[in-house]
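Take a look at the structure below.
The values are calculated or read from the model by the stated rules, or taken from the named source; none is laboratory data. Just so we're clear, the structure is a prediction, and the values are computed from it rather than from any experiment. Every residue, glycine as well, gets a Cβ built from its backbone with ideal geometry; the counts of neighbours run over all protein chains shown. Quick note on the areas: whole protein, heavy atoms, side chains included, nothing else; ligands and nucleic acids left out. Shrake-Rupley method; radii C 1.70, N 1.55, O 1.52, S 1.80 Å.
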Amino acid sequence: LTPLRIGKKTYAKGLGMHSRCELTYDLGGEFALFAADVGIDNAGGKRGDAMLKILDDGAELLKPINLTGGKEAAPSRCDVTGVKKLTILVEFGADGIDVGDHVDLGEARLVKK
């Protein structure tokens, strides 16, 4: 396994996804916060272009985040109080293709209430 790398930072833990990918977690309303540093993995080079969405039963919890390769990670935080099912969705970016769309969520974590 290779570590997640976004810009100059390497993450020992997190999620690596590719466009088009959807992960859903059953939170049962037990958490207060979802947090991660998000970006295109260095393996995708500057070609990566994807959109990250964080959803609660289809409703956006956070404004969609446009991610492009060659940039540093962006901290992302959202309130998940009362959320039963959290969905992390990676869509194709504006280029409409999946070349280089290696999206990382470095140090992705949920914080209990």
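Odds and ends about this structure:
- Residue list for the range 16-36, restricted to those being open to solvent by less than 80 Å² (accessible area, probe 1.4 Å) and within 15 Å of Ala50 (Cα to Cα): Gly16, Met17, His18, Ser19, Cys21
- Flag if Arg109 is under 22 Å from Arg5 (Cβ atoms), open to solvent by 70 Å² or more (accessible area, probe 1.4 Å) and at pLDDT 95 or above: yes
- Positions within the range 32-55 being among the small types (Gly, Ala, Ser) and either at pLDDT 95 or above or more than 15 Å from Gly96 (Cα to Cα) (or both), in sequence order: Ala32, Ala35, Ala36, Gly39, Ala43, Gly44, Gly45, Ala50
- Test: residue in the range 41-58 that is crowded, with 16+ Cβ neighbours inside 10 Å, of a type outside the set (Gly, Ala, Ser), touching a Lys or Arg at 6+ places or on another chain (Cβ under 7 Å) and over 16 Å from Leu23 (Cα atoms): yes
- Of the strands (runs of 3 or more DSSP E) contained entirely in the range 1-97, those carrying at least 2 residues that are within 15 Å of Glu107 (Cβ to Cβ) and in contact (Cβ under 8 Å) with a residue 40 or more places away in the chain fall at 4-6, 9-11, 14-18, 31-40, 74-79.
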